[in-house]
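Report on the structure given below.
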Amino acid sequence: AQRVTQPEKLLSVFKGAPVELKCNYSYSGSPELFWYVQYSRQRLQLLLRHISRESIKGFTADLNKGETSFHLKKPFAQEEDSAMYYCAPANNAGNMLTFGGGTRLMVKP
Amino acid sequence: EAQVTQNPRYLITVTGKKLTVTCSQNMNHEYMSWYRQDPGLGLRQIYYSMNVEVTDKGDVPEGYKVSRKEKRNFPLILESPSPNQTSLYFCASRRTQGGLVNTEAFFGQGTRLTVV
């Protein structure tokens, strides 16, 4: 069965500290991997996708196929990064987008 | 403005009373899907549709129905709601590229449903 795990429900850091939000997945084949973010009172929206190898708002995510992980990282957290973050692998056909339980990031001043 | 629109935003209903949550997108996306969000469980896919008249079950389809008669609309139907369907529901749409759906999902603003 397809499964994605975000082990931390809540991650609290101070402004300027590094951040790593963990994501481990169990998926057949080679899934496409996404991170979605939901800021307070806003819709869920795409943060970044693995295939683009991009850095968005200072965040990057590295795929480790051996560990089946796709952790999200930022070297210096900002207060405006406070939000819910969801790791989301999609199957090869792309018709199933599975979300993890989410991690709430709180960045304190 | 390109967006996914759900209605209603909030709904309180009684057990057994049929209801429909509407979802509409103006981006000409082929793919649409419904999720429910529950504390600690993240978002779980209920149903999805690859195109008009093509629907399929997600991970938690029991108790729900959908239809896709037009490309822009994908209503979620609860024929006989029960309290365990109290949840936050999200509709999403995606563009397809070469038949694959590895593109960004656009989400509606959510519908908070309470079944008493």
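Here are some notes:
- Spin-label model distance (nm) - B:Gln3 vs B:Asn84, 7 Å beyond Cα toward Cβ: 3.5
- Cα centroid separation - segment B:19-34 against segment A:57-109, whole Å: 25
- Candidate aspartates and glutamates - alpha carbon under 15 Å from B:Lys65, same-chain residues fewer than 8 apart omitted: B:Glu53, B:Asp56, B:Glu79
- Chain B, relative contact order [Cα under 8 Å, separation at least 6], %: 35
- Potential lengthening between A:Gln45 and A:Ser28 on full extension [0.36 nm per residue; Cα-Cα distance subtracted]: 3.6 nm
- With θ taken as phi - 60° and the Karplus curve 6.51 cos²θ - 1.76 cosθ + 1.60 applied, the whole-hertz 3J(HN,Hα) list for segment A:23-32 is 8, 10, 10, 10, 8, 7, x, 10, x, 7 Hz, x standing for glycine and proline.
- For segment B:1-78, the list of GluC sites (Glu not before Pro) that fall in a loop by DSSP and count at most 12 other C-beta atoms within 10 angstrom reads B:Glu1, B:Glu53, B:Glu62, B:Glu70.
- The magnitude of the dipole of the protein assembly as shown, with charges of +1 and -1 set on the Cβ of Lys/Arg and Asp/Glu and taken from the Cα centre, is near 380 debye.
- Positive-end extreme of charge dipole, chain B - chosen from B:Gly63, B:Thr15, B:Tyr47 (charges on Cβ): B:Thr15
- Measuring against 20 Å, Cα to Cα, the residue pairs B:Lys17/B:Lys71; B:Lys17/B:Lys57; A:Lys15/A:Lys73 contain B:Lys17/B:Lys71; B:Lys17/B:Lys57 as the ones spanning a longer distance.
Values quoted throughout were computed directly from the atomic coordinates according to the rules given, and no laboratory measurement underlies them. No experiment lies behind these values; they were computed from the predicted model shown. Counting neighbours? That spans all protein chains shown, and the Cβs are built from the backbone with ideal geometry, glycine included.
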